[in-house]
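Visitor: Provided herewith is a single structure, encoded as structure tokens, for subsequent inquiry.
The values are calculated or read from the model by the stated rules, or taken from the named source; none is laboratory data. As the structure is a prediction and not an experimental result, all values here were calculated from the model. Here the Cβ positions follow ideal geometry from the backbone for every residue, glycine too, while neighbour counts run over all protein chains shown.
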Amino acid sequence: MTRLSVGEALAARLYAAESAIDQALIETATLAAALPAARADAWLSAVTGQRAFAGAAATISALSDARAHIVQTHNTLTAIARKLGLDSLAVGPVDKPGDGPPIGGGGGDGPGVAPDVVNKSLPRRTIAC
């Protein structure tokens, strides 16, 4: 295997991990939002569903922490890729805050255009790992 092929495989796994965490956040937040309405619709006391709501809220907090850690992992792998000369390595939507217009269909600061699944060359910066 070449460094490029190893990097491409890692980029794909990183994108899958980021997407899984985001999807888990979406589903858990949707559940948490539905719990108070479900309790009210069933004419139950607020005490009845509090443990379930607290559990969902704690899960959201844990997933938020996990998301912060995977973003830190992403930044570290990006710095390593640059040091190895793999500047054009990325998979998934490529929008970052400040992109205008977004190029990957999500993120950025506006509505995106057609998805572009592979990054263009990354900007060169020296980052210590």
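Visitor: Is there a residue in region 26-37 that is in contact with a strand residue (DSSP E or B) (Cβ under 6 Å, 6 or more places away or on another chain), in a helix (DSSP H, G or I) and of a type outside the set (Lys, Arg)?
Guide: There is no residue in region 26-37 that is in contact with a strand residue (DSSP E or B) (Cβ under 6 Å, 6 or more places away or on another chain), in a helix (DSSP H, G or I) and of a type outside the set (Lys, Arg).
Visitor: A further question follows. Working only within region 3-57, note down all residues that are out of contact with any helix residue (DSSP H, G or I) (no Cβ under 9 Å at 6 or more places or on another chain), hydroxyl-bearing (Ser, Thr, Tyr) and more than 21 Å from Arg67 (Cα to Cα).
Guide: Listed by number, the list holds a single entry, Ser5.
Visitor: Mind listing whichever residues of region 29-51 are charged (D, E, K, R) and exposed (fewer than 12 other Cβ atoms within 10 Å of the Cβ)?
Guide: Asp41, Arg51
Visitor: Oh, and also: Quick check: anything in region 67-77 within 23 Å of Arg13 (Cβ to Cβ) and touching a Gly at 6+ places or on another chain (Cβ under 9 Å)?
Guide: Yes, region 67-77 has at least one match.
Visitor: Six or more apart or on different chains, Cβ under 8 Å: which pairs go from a residue in region 52-69 that's touching a residue at least 40 places away in the same chain (Cβ under 8 Å) and surrounded by 15 or more Cβ atoms within 10 Å (Cβ to Cβ) to one that's part of a helix (DSSP H, G or I) and of a type outside the set (Gly, Ala, Ser)? Could you list them?
Guide: Here the result reads Leu63/Ile21; Leu63/Leu25; Leu63/Thr28; Ala66/Ile21; Arg67/Glu18; Arg67/Ile21; Arg67/Asp22; Arg67/Leu25, each pair linking region 52-69 to a residue that is part of a helix (DSSP H, G or I) and of a type outside the set (Gly, Ala, Ser).
Visitor: Sticking with this structure for a sec: Counting only residues that are of a type in the set (Ser, Thr, Tyr), modelled with pLDDT of 95 or more and more than 17 Å from Ala62 (Cβ to Cβ), how many does region 20-47 have?
Guide: Of the residues in region 20-47, 0 are of a type in the set (Ser, Thr, Tyr), modelled with pLDDT of 95 or more and more than 17 Å from Ala62 (Cβ to Cβ).
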